[in-house]
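I have a structure I would like to understand better, so I am pasting it below and will then ask my questions one at a time.
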Amino acid sequence: MIRAKRFSGEDLSPAEITALLSTNEPPSGVWVHAESPTDTELEALSRVFSPHSLALEDATEEGYWSRFGSYPQHDFITYRSLAEVAKRTTERVSIFIYPHALLTLAWLKLSYLELVCNMVGRNSVNTPAEITYELLDHGTDSFLLYAQNIEEQIDTLQERVFENPKFDAIPVIFELKRQLAGVRRLAIEGREATLLLTRHAQNVSEGELIVYRDALGNLERTVSRLEAQRESLTNLLDTYLGFQSQRMNQVMRALTVVSTIFLPLTFLAGVWGMNFKLMPELNWQYGYAMAWGSFLLTAALLAMYFKRRDWW
């Protein structure tokens with residue numbers, strides 16, 4: 001499907017789009033967007049816009065990463081972002097930036113396409129650089145939404161770790177770290193591509209470079225936020241492991257106290273369990289009661305001592 005819009009904001013009718021694609025002259029003042037174009041449509045777009053073969057190859061290759069290229073005919077940037085934040089599915093737009101025209105290709109429907117279309121020509125006649133900025137900025141918003149979403153998940157996870165010491169947080173933390181690493185990689189690739197765009201863009205005024213730099217600044221802040229969330233997950237993992245180590249120390253301390261209490265009891269039981277005939281306690285009427293009294297008194301005194309020293 002191909003749709004087109006003038007920089008002043010008017011949509012081109014299907015007949016006007018057909019007429020535009022039937023010529024061999026590059027258009028002016030028009031943004032053409034192709035969604036899942038057929039081979040015939042790609043051939044017509046190539047005839048009209050004459051995109052560089054390497055850029056067109058990158059744009060048509062499925063799953064290609066974000067990158068920038070500058071060619072004699074045009075600048076080119078392909079930009080990957082998140083289509084659905086919750087599911088972390090990705091979407092990609094390839095932008096061919098001409099001095100007086102714009103061509104974009106996408107193989108899936110862009111989640112923010114209508115927003116950008118509605119902004120074109122709203123207050124003034126736009127330029128290719130301004131529309132490119134809107135496309136990049138709305139793609140960056142998906143990373144920002146993900147950063148907000150994972151912040152909420154981390155806050156909830158922290159509360160569970162502090163409220164429920166028995167909660168096994170390690171699988172959840174590592175899954176969030178894995179997800180965050182993938183999104184962070186996408187954002188960094190987009191940042192590097194946008195950085196090259198701000199440095200090597202052709203046929204743009206200083207005012208248009210400002211909008212590119214603004215898009216780069218938004219991406220850098222988003223990447224920094226994702227970096228901060230990665231650090232938060234690492235700190236949360238360290239805190240959780242510290243809690244588990246503390247719990248293990250408490251268990252070992254309790255076991256040590258119990259073992260220490262039973263150590264003299266074991267000694268006394270061993271002494272009175274020896275088979276010597278000349279042991280007066282064995283024939284004494286209250287020998288058995290004395291043995292139990294010794295056991296209980298020894299255990300009670302040791303327990304009180306450990307409790308007073310706060311070892312138990």
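Taking +1 at the Cβ of each Lys and Arg and -1 at the Cβ of each Asp and Glu, which of SER205, THR140, ILE188 sits farthest along the dipole of segment 2-244 towards its positive end, judged by Cα position relative to the Cα centre?
Towards the positive end, the residue furthest out is ILE188.
Let me ask another. Send over the semi-axes of segment 1-71's equivalent ellipsoid, whole angstrom and largest first, taken as the square roots of 5 times the C-alpha gyration tensor eigenvalues. Don't skip to the end; give the middle numbers.
Details: eigenvalues 96, 36, 32 Å².
Those come to 22, 13, 13 Å.
Taking springs between alpha-carbon atoms closer than 10 angstrom, which of LEU135, LEU21, LEU186 fluctuates most in the Gaussian network model of the chain?
Largest GNM mean-square fluctuation: LEU21.
Using only Cα positions of segment 249-308, each an equal point scatterer, no hydration layer, compute I(q)/I(0) via Debye at q = 0.13, 0.19, 0.29, 0.30 Å⁻¹ and quote the log10 values to two decimals.
-0.43, -0.74, -1.19, -1.23
A follow-up question, please. Which semi-axis lengths, in whole Å and largest first, follow from the square roots of five times the eigenvalues of the Cα gyration tensor of the chain?
Semi-axes from the Cα gyration tensor: 77, 17, 15 Å.
When the convex hull of the C-alpha atoms of segment 52-135 is computed, what volume per residue in Å³ does it have?
Roughly 87 Å³ of hull volume per residue.
About its Cα centre, how strong a charge dipole does segment 2-244 have in debye, to the nearest 20, once Lys and Arg get +1 and Asp and Glu get -1 at the Cβ? Don't jump to the answer; show the numbers that get you there.
On the way: 23 positive and 36 negative charges, 66 e Å.
It comes to approximately 320 debye.
Right, another one. So what are the radius of gyration and Dmax for the Cα set of segment 221-266, in Å?
Cα-based Rg and Dmax for segment 221-266 come out at 19.9, 66 Å.
Now for a separate question. Any idea which of ALA228, PHE76, SER46 is furthest toward the positive side of the dipole for the chain, if Lys and Arg beta-carbons carry +1 and Asp and Glu beta-carbons -1?
Of the options given, the answer is ALA228.
Give me the compactness ratio for segment 132-184, meaning the Cα radius of gyration over 2.2 N^0.38 Å.
Details: Rg = 14.6 Å, N = 53, 2.2 N^0.38 = 9.9 Å.
Here the answer is 1.47, to two decimals.
Can you tell which of ILE261, ILE95, ILE188 shows the greatest fluctuation in a Gaussian network model of the chain with Cα springs below 10 Å?
Largest GNM mean-square fluctuation: ILE261.
Among the lysines, select those whose C-alpha is under 24 Å from the C-alpha of LYS5, and discard any that sit fewer than 8 residues away in the same chain.
LYS109
Find the eigenvalues of the gyration tensor of the Cα atoms of segment 1-143, then list the square roots of 5 times those eigenvalues as equivalent ellipsoid semi-axes, largest first, in whole angstrom.
On the way: eigenvalues 96, 66, 41 Å².
Over the Cα atoms of segment 1-143, the semi-axes work out to 22, 18, 14 Å.
For the chain, with a Gaussian network of springs between Cα atoms less than 10 Å apart, report the residue from THR239, THR18, THR298 with the top mean-square fluctuation.
THR298
Evaluate Rg over Rh across segment 109-234, taking Cα atoms for both radii and Kirkwood's formula for Rh.
When Rh is taken as the Kirkwood radius, the ratio is 1.11.
Sort 149-156, 126-133 for me by packing, meaning the mean count of neighbouring Cβ atoms within 10 Å per residue, highest on top.
126-133, 149-156
Could I ask something else about it? Take the chain, mark every one of the trypsin sites (Lys or Arg not before Pro) that falls in a DSSP loop and has at most 10 other Cβ within 10 Å, then report the longest stretch left between them, sites excluded.
Numbers: sites that count: LYS87, ARG122, LYS166, LYS277, ARG309.
Between exposed loop sites, the widest span is 167-276.
Based on alpha-carbon atoms only, what is the radius of gyration of segment 195-311 relative to the globular estimate 2.2 N^0.38 Å?
Dividing the Cα Rg of segment 195-311 by 2.2 N^0.38 Å gives 2.67.
So for GLU114, GLU91, fewest C-beta neighbours within 10 Å to most, what's the order?
GLU114, GLU91
What value, in deg cm²/dmol to 500, does the helix sum -39500 (n - 2.57) over DSSP H runs of n ≥ 4 give at 222 nm once divided by the residues of the chain?
So the calculated ellipticity at 222 nm is -22000 deg cm²/dmol.
Could I have the simple spin-label model distance between ARG221 and SER8, label points 7 Å from Cα toward Cβ, reported in nm to one decimal?
Each label point is offset 7 Å from its Cα along the Cβ direction, giving 3.5 nm.
Just so you know, all these numbers are worked out from the coordinates, no wet-lab data involved. Remember, it's a predicted structure, so these values are computed and weren't measured experimentally. For neighbour counting, all protein chains shown are included, and Cβ atoms are generated from backbone atoms with ideal geometry for every residue, glycine included.
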